[in-house]
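Colleague: Got a structure here, written out as structure tokens. Questions coming.
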Amino acid sequence: MTKGGAASQLGARRPPAARARFARGLLAAALLLAPGLAGCVSENAEQEIGDQVAAQISQQLPLVRDPALNLYVNRLGKLIARHSDRPDVPYRFYIVNSPAVNAFAIPGGHVYVNRGLIERTHNVSELSAVLAHEIGHVAARHGARTLERQLRTGSLISVMYRVILGTEPELLDQTALRMGSSLWTASNSRKAEMEADDLAVRYLIDAGVDPRGIVTFLDALMREEAGSAKPTMEWFSTHPMTRTRIAETTKEIRRELPAGSPRLARDIASYPAFLARVQQLPRSPIPHPLPAP
């Protein structure tokens, strides 16, 4: 049972008046804590919160349990993460059995990639680009910055109130998912997305992977979305993207990888088999596992 679930059930067993006092007391404590926390979410606190949210999210998402696939994506992700600005974070990579084209990261190094996204990659540099971008969000502490902003504005207090004190425990899992999908990820600004792209370019080069996979993958997604009758990709709601962003990433690659630089890996012999194994996974009955914010 989660801490939130235990607190909620404890409150539910009390008489209405006592439950109200219990709620006001916890809310007051949260309000007192918030100003002290604002602007100073430590890396230890970031890790603990991220691990707690990940535990809730991982219980609800249809995660792929194939050991070979999980080993593959974790080896690839950790190869890149070793070259990040925060290599000591215990990065973990998960494949979500969803056709939705999306990926997201939460504090603590938890990176989730949907099979629908993996199936649209053509080589290892494109999947590496996605992983490097999400690693960039973690390395730049974008999730922690979001938490700090929420604490400063007090809007997180309402989230805490619903999670800890809600009288409907069955809603707690959905609230945790919303925290994972919106509080931590969808709020990334265009500036944060650009920063994650720039970091990804450097991380990929340092890991020996061709960073041009970032551009080819994003360009393919934009072409597919443009040819659709209506928007279909969750990626565009959680990763603000424009042609300008692709152009800026191309410039960054040229700066970091000038003409005459050593060739970097664009593909590896094992990737087609990995991609085929992903495509052979049973389809999940849940088309969009993360609820809309």
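Colleague: Assess whether residue 125 counts as being under 17 Å from residue 202 (Cβ atoms), of a type outside the set (A, V, I, L, M, F, W, C) and more than 17 Å from the chain's Cα centre (by Cα).
Modeller: Numbers: under 17 Å from residue 202 (Cβ atoms): yes; of a type outside the set (A, V, I, L, M, F, W, C): yes; more than 17 Å from the chain's Cα centre (by Cα): yes.
Yes; evaluated as a whole, the condition is true for this residue.
Colleague: Mind listing whichever residues of region 48-72 are crowded, with 20+ Cβ neighbours inside 10 Å and over 18 Å from residue 142 (Cβ atoms)? Walk me through it before giving the result.
Modeller: Filtering region 48-72 down to residues crowded, with 20+ Cβ neighbours inside 10 Å leaves 50, 53-54, 56-57, 61, 64, 72.
Hits for region 48-72 are 56, 61, 64, 72.
Colleague: Let me ask something else about it. Output the number of the condition that residue 263 fails; it satisfies all remaining conditions of (1) out of contact with any Pro (no Cβ under 6 Å at 6 or more places or on another chain); (2) modelled with pLDDT of 95 or more.
Modeller: (2)
Colleague: Mind listing whichever residues of region 116-146 are at negative phi, charged (D, E, K, R) and in contact with a Lys or Arg (Cβ under 9 Å, 6 or more places away or on another chain)?
Modeller: First pass over region 116-146, keeping only residues at negative phi: 116-140, 142-146.
Remaining after also requiring charged (D, E, K, R): 119-120, 126, 134, 145.
Scanning region 116-146 gives a single hit, 126.
Colleague: For region 266-293: of the residues being at pLDDT 80 or above and aliphatic (A, V, I, L, M), which is nearest to residue 80 (Cα to Cα)? Steps first, please.
Modeller: Step one: of region 266-293, the residues at pLDDT 80 or above are 266-283.
Next, only the ones that are aliphatic (A, V, I, L, M) stay: 268-269, 273, 275-276, 278, 281.
Values: 268: 15, 269: 18, 273: 21, 275: 19, 276: 23, 278: 21, 281: 26 Å.
Looking at the filtered set, the residue picked out is 268.
Colleague: Another question, if that's okay. Checking residue 95 against (1) part of a helix (DSSP H, G or I); (2) among the aliphatic types (A, V, I, L, M); (3) modelled with pLDDT of 95 or more, only one condition comes out false. Which one?
Modeller: Against the list (1) part of a helix (DSSP H, G or I); (2) among the aliphatic types (A, V, I, L, M); (3) modelled with pLDDT of 95 or more, residue 95 comes up short only on (1).
Colleague: Moving on to the next point. Condition (residue is among the β-branched types (Val, Ile, Thr), part of a loop (DSSP other than H, G, I, E, B), more than 26 Å from residue 143 (Cα to Cα) and at pLDDT 75 or above) applied to region 216-232: is it met by at least one residue? Write out each step before concluding.
Modeller: Narrowing region 216-232 to residues among the β-branched types (Val, Ile, Thr): 216, 232.
With the extra rule that they be part of a loop (DSSP other than H, G, I, E, B), the set shrinks to 232.
Okay, now just the ones that are also more than 26 Å from residue 143 (Cα to Cα), so none.
There is no residue in region 216-232 that is among the β-branched types (Val, Ile, Thr), part of a loop (DSSP other than H, G, I, E, B), more than 26 Å from residue 143 (Cα to Cα) and at pLDDT 75 or above.
Colleague: Hey, can you tell me all the residues within region 73-95 that are more than 21 Å from residue 269 (Cβ to Cβ) and of a type in the set (Gly, Ala, Ser)?
Modeller: Within region 73-95, 81, 84 meet the criteria.
Colleague: Next question, about the same structure. Could you tell me whether any residue of region 73-90 is buried (at least 19 other Cβ atoms within 10 Å of the Cβ), over 19 Å from residue 206 (Cβ atoms) and either at pLDDT below 95 or not charged (D, E, K, R) (or both)?
Modeller: Yes, region 73-90 has at least one match.
The values are calculated or read from the model by the stated rules, or taken from the named source; none is laboratory data. Small disclaimer: the values here were computed from a predicted structure and weren't measured. For neighbour counting, all protein chains shown are included, and Cβ atoms are generated from backbone atoms with ideal geometry for every residue, glycine included.
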